Amino acid sequence: MTSNGQPGWEASAQQWGKSMADSWQRALDSFKNIDLGKGAAGPLSFAPDKLRELQADYLKEAASLWNQGLTSATPIKDRRFSGNAWAQNPVASFTAATYLLNSRTLMSLADAVEADEKTRARIRFAVEQWVAASSPSNFLAFNAEAQKKALETQGESISKGVQNLMHDVQQGHVSMTDESLFEVGRNVATTEGQVVFENDYFQLIEYKPLTAKVHERPFLLVPPSINKFYILDLQPENSFIRYAVAQGHRTFVVSWRNPRSRPSRSRVTSAAPTRSTPWAFVWAAPSSPTRWACWPRVGKNLWPAPRC
């Protein structure tokens, strides 16, 4: 027994120190082997002084974490681990604190890469995604709150989770809510409009005016391709689209289509701009003559599709 009154404490401390040192080396090797694709300037590099500083800080915090973890649960401010279940479980608290230490260090390494700002931004983005995905809160084996909930419900929470998983597998995508409660046009996306142009990639919606007159210049909204158009038109009281229409804007919105596993043979090509059609698209179907449709003109006039 050691002077601390705990058998094997020194051996455990040495093992912990070695584990953290190995983690540092693996993280460093991972950064140096990142594949940045074609045109990359070679392996990533770091300023030696900055690297030594980061390593010293990491090992110092790791030693402090170990010493603190032996006596009490480590206080954590991160909202993912702020529940009582984490605070009341020293092992879970210690695991979360270790994860946060590794996360901070990885992000610091990303910021310390000697590269142009665009390359650093790409690396930061990749590291952020990996760090978020590897959080202990994402895994039942490490999530103290999920374990507590399972005990309190006698396993019912796990059963419901499995049912939700099977439902998502059957519908082919992950859902965050009960999608059966929402219906486009009934209790979501209720602002009246119609599709005035479409192709394999998107539909263009024009909304019915709510005022006697509309502004001469049209208003075009292009939401991110990862969002449905009705993210801007959830309910009448919080609909940005309805507000724009009510202010007298002739409003158009792009609604992106879901990706297809096998795209159709139709194709979209950009047409050379002219004075009458500043930005147009050609839709060519395999068995029909070429037809034209105009994008809303951004200028003094708006020329809808039939004018083209």
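Sequentially through the stretch 85-91, phi angles give Karplus couplings (6.51, -1.76, 1.60; θ = phi - 60°) of 4, 6, 5, 7, 10, x, 5 Hz, Gly and Pro residues having no value and appearing as x. The label point for GLU192 and the one for ARG120, both projected 7 Å from the Cα toward the Cβ, are 5.4 nm apart. Here the Karplus curve 6.51 cos²θ - 1.76 cosθ + 1.60, taken at θ = phi - 60°, turns the phi angles of the stretch 182-189 into couplings of 10, 9, 4, x, 9, 10, 8, 6 Hz, with x standing for Gly and Pro. Per-residue Cβ neighbour counts within 10 Å put LEU204, LEU65, LEU165 in the sequence LEU165, LEU65, LEU204, beginning with the fewest. Using θ = phi - 60° in the Karplus curve 6.51 cos²θ - 1.76 cosθ + 1.60, the 3J(HN,Hα) couplings for the stretch 170-175 round to 5, 7, x, 7, 7, 10 Hz; x is entered for Gly and Pro. Most tightly packed first, judged by the mean number of other beta-carbon atoms within 10 Å of their residues, the peptides 229-236, 133-140 read 229-236, 133-140.
Between the stretch 94-130 and the stretch 44-58, the alpha-carbon centres lie 13 Å apart. Taking each residue as 0.36 nm, the span from GLN154 to ALA47 lengthens on full extension beyond its C-alpha to C-alpha distance by 33.2 nm.
Using the count of nearby Cβ atoms within 10 Å as a rough guide to exposure, how do PHE142, PHE252 rank from fewest to most? Lowest to highest Cβ neighbour count: PHE142, PHE252.
When a footprinting reagent is the concern and you count Cβ atoms within 10 Å, what order do LEU181, LEU210 take, fewest first?
Values: LEU181 8, LEU210 17.
The most exposed by this proxy come first: LEU181, LEU210.
Once backbone amide H atoms are built at 1.01 Å from N, LEU220 has PHE252 as its partners under 5 Å, excluding neighbours fewer than 5 places away on the same chain.
Every read-out reported here was derived from the displayed coordinates using simple, explicitly stated rules and does not represent laboratory data. Note that this is a predicted model, so its numbers are computed, not measured. Virtual Cβ from ideal backbone geometry, glycine too; neighbours counted across all protein chains shown.
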